[in-house]
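All remarks here apply to the structure that follows.
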Amino acid sequence: MQKGELLYEGKGKRLYKCEDENLLIAEFKDDLTANNAEKRSREEGKGALNAAISAQLFKLLEANGIKTHLVKRLDSTHQLVKKVSIIPIEVVVRNVATGSLTRRLGIADGTELPFVLVEFYLKNDDLGDPILNDEHCLLLNLVKDQETLDLLKEKGRKINKILKAFFANRKLDLIDFKVEFGIDANGEILLSDEISPDSCRFWDMDTRQKLDKDIFRLEDGSVKDAYEEVLKRINEERV
Ligand code: TMP
């Protein structure tokens, strides 16, 4: 598959046309951004790590009944994906309070939540990705109906259940994550974008060490060793 015209460039990926009009080529970039791209850096090899991690997790989710946009990996940083129209809602799923939840509601950092919390945020950098309730989503016509919102929440919870158990077997606590969904040519909702340490928080179960983008967000540190550790644990046999 040859890369065609560049269709879109985001903070972490580029999307290209290819010979098949129903498919796109996604390229994972080495760029790192935080705080709505106020903070920027670049780390050689980060894109390849995220591409590998995301592909493994999407395959795991497919095997467990979650339909995704992933067709196949092309090389270390490129994936062939189904063309979708992205629903402009960031679906955030949380098991433990940290990040913006602790800042917004004053819940102590590291508090285990009494139930899985699903939140919606508007995918709009100019507005700083504001939090949305269901009525905001309907008011802005982000989805066609309440049923679709309920489906997004259900998919978020199902993804969480699968990933939380998978990572627990590898001594990693899945703290929270963000996913995006798209609608394909048949009207089907597919998990899209990526799932990687850029979009998830992982804490080592024993040491509570952070193995995700918070290393960059909070400490300005290099993320590569942590992302390599996440990939290594994904590939480990069940413990
Ligand atoms: P938050 O605590 O900053 O709201 O982030 C919650 C989770 O969602 C965390 O795992 C990081 C992820 N996330 C993204 O991947 N992209 C975003 O734009 C935001 C706001 C969060």
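The values are calculated or read from the model by the stated rules, or taken from the named source; none is laboratory data. Bear in mind that the values here come from a model prediction, so they are computed numbers and not experimental data. Reconstructed Cβ throughout: ideal geometry from the backbone, glycine too, with neighbour counts over all protein chains shown. We work out accessible area using only protein heavy atoms, side chains counted, and drop any ligands, DNA or RNA first. Shrake-Rupley method; radii C 1.70, N 1.55, O 1.52, S 1.80 Å.
Annotations
- Estimated translational D of the stretch 1-94 in µm²/s (Stokes, Kirkwood radius over Cα pairs; 37 °C; 0.692 mPa s): 229
- Counted charge near Asn141, where neighbours are those whose Cβ lies closer than 15 Å (Asp, Glu -1; Lys, Arg +1): -2
- Relative contact order [Cα under 8 Å, 6+ residues apart], the stretch 1-119, whole percent: 17
- Net charge contributed by nearby residues that have their C-beta within less than 13 Å of Leu23 (K/R +1, D/E -1): +1
- Dividing the convex hull volume of the alpha-carbon atoms in the stretch 146-239 by its residue count gives 119 Å³ per residue.
- Considering only Ile183, Met205, Leu142, and ranking their Cα positions along the charge dipole of the chain that arises from unit charges at the beta-carbon of Lys, Arg, Asp and Glu, the one farthest toward the positive end is Met205.
- Stokes-Einstein D (µm²/s) once Rh is taken as the Kirkwood radius of the chain over alpha-carbon pairs, at 10 °C in 1.306 mPa s: 87
- Compactness of the stretch 135-199 - radius of gyration and Dmax, Cα, Å: 13.9, 42
- Largest to smallest principal axis extent of the C-alpha atoms in the stretch 127-171, angstrom: 41, 26, 11
- Rolling a 1.4 Å probe over the protein heavy atoms of the chain, with every protein chain left in place, gives an accessible area that is 48 percent carbon and sulfur.
- Each of Thr68, Thr207 has its accessible area taken with a 1.4 Å probe; listed largest first, they run Thr207, Thr68.
- In the context of the full set of protein chains, the stretch 72-131 has a per residue accessible area of 51 Å² (1.4 Å probe).
- Flagged links, alpha-carbon separation over 20 Å, of Lys59/Lys123; Lys29/Lys67; Lys13/Lys153; Lys59/Lys232: Lys59/Lys123; Lys29/Lys67; Lys13/Lys153
- Alpha-carbon centroid distance for the pair the stretch 5-82 / the stretch 190-236, whole angstrom: 16
- In terms of its alpha-carbon gyration tensor, the stretch 98-165 comes out oblate; a/c meets the 1.5 threshold, while b/c is at least as large as a/b.
- A cut-off under 9 angstrom between Cβ atoms defines the neighbours of Gly45, and their net charge, with Lys, Arg +1 and Asp, Glu -1, is -2.
- Cα gyration tensor category, rounded, prolate or oblate, for the stretch 65-180 with a/c compared to 1.5: oblate
- Shape of the stretch 191-239, Cα gyration tensor, a/c cut at 1.5: oblate
- From most to least packed by mean Cβ count within 10 Å, the peptides 193-200, 57-64 give 193-200, 57-64.
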